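Here is the structure we will look at.
The values are calculated or read from the model by the stated rules, or taken from the named source; none is laboratory data. Since the structure is predicted, the reported quantities are computational estimates derived from the model, not experimental observations. Virtual Cβ from ideal backbone geometry, glycine too; neighbours counted across all protein chains shown. These area figures cover heavy atoms from the full protein model, side chains too; ligands, DNA and RNA do not enter into them. Shrake-Rupley method; radii C 1.70, N 1.55, O 1.52, S 1.80 Å.
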Amino acid sequence: MTDLDPSRTKGRTVSGVDIVLEDVVKKYPGQAEAAVDNVSMHIPAGEIVVFVGPSGCGKTTTMRMINRLIEPTSGKITIGGIDALSINPDKLRRGIGYSIQQAGLFPHLTIAKNVGTVLGLIGWNKKKIAERTDEMLDLVGLEPGLYRDRYPRQLSGGQQQRVGVARALAADPPVLLMDEPFGAVDPITRGLLQDELMRLQSDLGKTIVFVTHDFNEAVKLGDRIAVLGNQSHIMQYDSPEAILANPANDMVAGFVGADASLKQLTLTRVRDVELLECPTAYSDGSIEELRAEIARRKVKWGLILDVRDRPIRWVSHNHLTNATSLRDVGNPIGASVSTQSTLQDALEALLAESSASTVVTGRRNEYRGLITIDTLVNHLSAMREEHSSTEEAGNGGVARAGGASS
Ligand SMILES: Nc1ncnc2c1ncn2[C@@H]1O[C@H](COP(=O)(O)OP(=O)(O)OP(=O)(O)O)[C@@H](O)[C@H]1O
Ligand SMILES: [Mg+2]
């Protein structure tokens, strides 16, 4: 068993339950070798555990044994203390949300029907299903009025993935299995979907098993990462911090990659660093006041906000020189990040705009502050110093590294 550090979930909502795999084996008929060979692991309630590993190593097989879409050859799986092999598989699956690459939606059913299918199976009436479906679409950022009657082909890839997540969450299952759910969308959409999943998870506290090929995605989402080798052998099972700082072997080091120190940026959220303030004004505000504020703070730029405090335009001192109103001056805001985003996302936004700072917005897209390249550089050096001082203190950096399953 893994030694668990309960502090990771302290103070968070937990609605999920523990999942325990003991000596689980899957041998497909006609195959010489087991696809999954004797895997044991404890997936703690309320955490996101990410499986990463090379193609064909058994990630999907391991995951699908948890909801018995694949039957284990031997071994034991318990979910919330209940033996998964003792329950009727259909009943088991109703308590486990499942979402996969390409969203796996039924093409001939509307979005609402796709989201509501499981609810029908568990006996909800039409009215309750309709309400819950709208609530779920809202939750994943799709306006129900616009989307509920469409068909999957009338949605973008990213929107389909959102529907997939809404469907998986509809029956409020304590456990969610996600097999490369964002694998088929572009990197920007993928980043947004990841942010959204983390926002949902901070409210819901499900137990989530998440499969990905992308180590950055694992670092961003995972409370813990299981790096799997051939036949799902666990190479390392630990927090992203510990794996980055101290990979257990060459294979894990290969996954972590050469830019481990840059990946540290993926570990920190924008909300956890100090944001810079910048002069702001509403578009019906005073040019004079904004100009004075820009001068007082000795900066070059200010931000124009709309009535709901959402940033809309950058204005420079020069823009203001000949302007008669704040209504149309300045340049539109390009890429911005949210407080949920990682410092890695912020770096990408800075590079995309080749600007010195990126705007940070909150949950309602309201202005929260700025992040600059200095913020990122200072953060990296602080982490480096922290790390070298723990090493000097003699515990070799991370005490829990290598605490994989037995
Ligand atoms: N139905 C099956 N019958 C026989 N062998 C199978 C079957 N499904 C998977 N396998 C084999 O089991 C091994 C593990 O497959 P699995 O799909 O779990 O890998 P994976 O880690 O999810 O890979 P990927 O990253 O490509 O999705 C592979 O060698 C695969 O060829
Ligand atoms: Mg797979």
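Taking residues in segment 224-245 that are closer than 11 Å to Val52 by Cα and of a type outside the set (Phe, Trp, Tyr), and partners anywhere that are in a loop (DSSP other than H, G, I, E, B) and open to solvent by 40 Å² or more (accessible area, probe 1.4 Å), the pairs with Cβ atoms closer than 8 Å and at least 6 places apart or on different chains are Val227/Ala248; Gly229/Pro54; Met235/Ala248; Met235/Asn249; Gln236/Pro247; Gln236/Ala248; Gln236/Asn249; Gln236/Gly402. Scanning segment 170-185 for residues that are touching a helix residue (DSSP H, G or I) at 6+ places or on another chain (Cβ under 8 Å) and either open to solvent by 10 Å² or more (accessible area, probe 1.4 Å) or within 16 Å of ligand 2 (Cβ to nearest atom) (or both) turns up Ala171, Leu177, Met178, Asp179, Pro181, Phe182, Ala184, Val185. For segment 311-330, the candidate set comprises residues that are of a type in the set (A, V, I, L, M) and open to solvent by 20 Å² or more (accessible area, probe 1.4 Å); within that set, the residue that is farthest from the chain's Cα centre (by Cα) is Ala323.
The number of residues in segment 208-232 that are part of a loop (DSSP other than H, G, I, E, B) and within 16 Å of ligand 1 (Cβ to nearest atom) comes to 3.
Within segment 154-207, being within 16 Å of ligand 1 (Cβ to nearest atom) and under 27 Å from Ile79 (Cα atoms) holds for Leu177, Met178, Asp179, Glu180, Pro181, Phe182, Gly183. Being in contact with a strand residue (DSSP E or B) (Cβ under 8 Å, 6 or more places away or on another chain) and modelled with pLDDT of 95 or more is true of Gly75. Going by the structure shown, is Ser55 polar (S, T, N, Q), modelled with pLDDT under 90, within 16 Å of ligand 1 (Cβ to nearest atom) and open to solvent by 30 Å² or more (accessible area, probe 1.4 Å)? Judged against the criteria, Ser55 is a match. Out of Ser202, Ser232, I need the residue that is open to solvent by 10 Å² or more (accessible area, probe 1.4 Å), assigned by TED's automatic domain parsing to the domain that holds Gln102, in contact with a Ser or Thr (Cβ under 8 Å, 6 or more places away or on another chain) and among the small types (Gly, Ala, Ser). Which one? Selected residue: Ser202, the only one of Ser202, Ser232 that is open to solvent by 10 Å² or more (accessible area, probe 1.4 Å), assigned by TED's automatic domain parsing to the domain that holds Gln102, in contact with a Ser or Thr (Cβ under 8 Å, 6 or more places away or on another chain) and among the small types (Gly, Ala, Ser).
When Ile100 is tested against the conditions (1) open to solvent by 70 Å² or more (accessible area, probe 1.4 Å); (2) within 16 Å of ligand 1 (Cβ to nearest atom); (3) closer than 29 Å to Asp18 by Cβ, the lone failure is (1).
For every residue, the table says whether it meets (1) crowded, with 21+ Cβ neighbours inside 10 Å; (2) closer than 26 Å to Arg291 by Cβ.
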{"position": "Pro332", "(1), (2)": "no, yes"}
{"position": "Thr342", "(1), (2)": "yes, no"}
{"position": "Asp345", "(1), (2)": "yes, no"}
{"position": "Ala349", "(1), (2)": "yes, no"}
{"position": "Ala356", "(1), (2)": "no, yes"}
{"position": "Val359", "(1), (2)": "yes, yes"}
{"position": "Arg363", "(1), (2)": "no, no"}
{"position": "Tyr367", "(1), (2)": "yes, yes"}
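On the stretch given as segment 26-58, residues that are within 14 Å of ligand 2 (Cβ to nearest atom) and in contact with a helix residue (DSSP H, G or I) (Cβ under 7 Å, 6 or more places away or on another chain) total 9.
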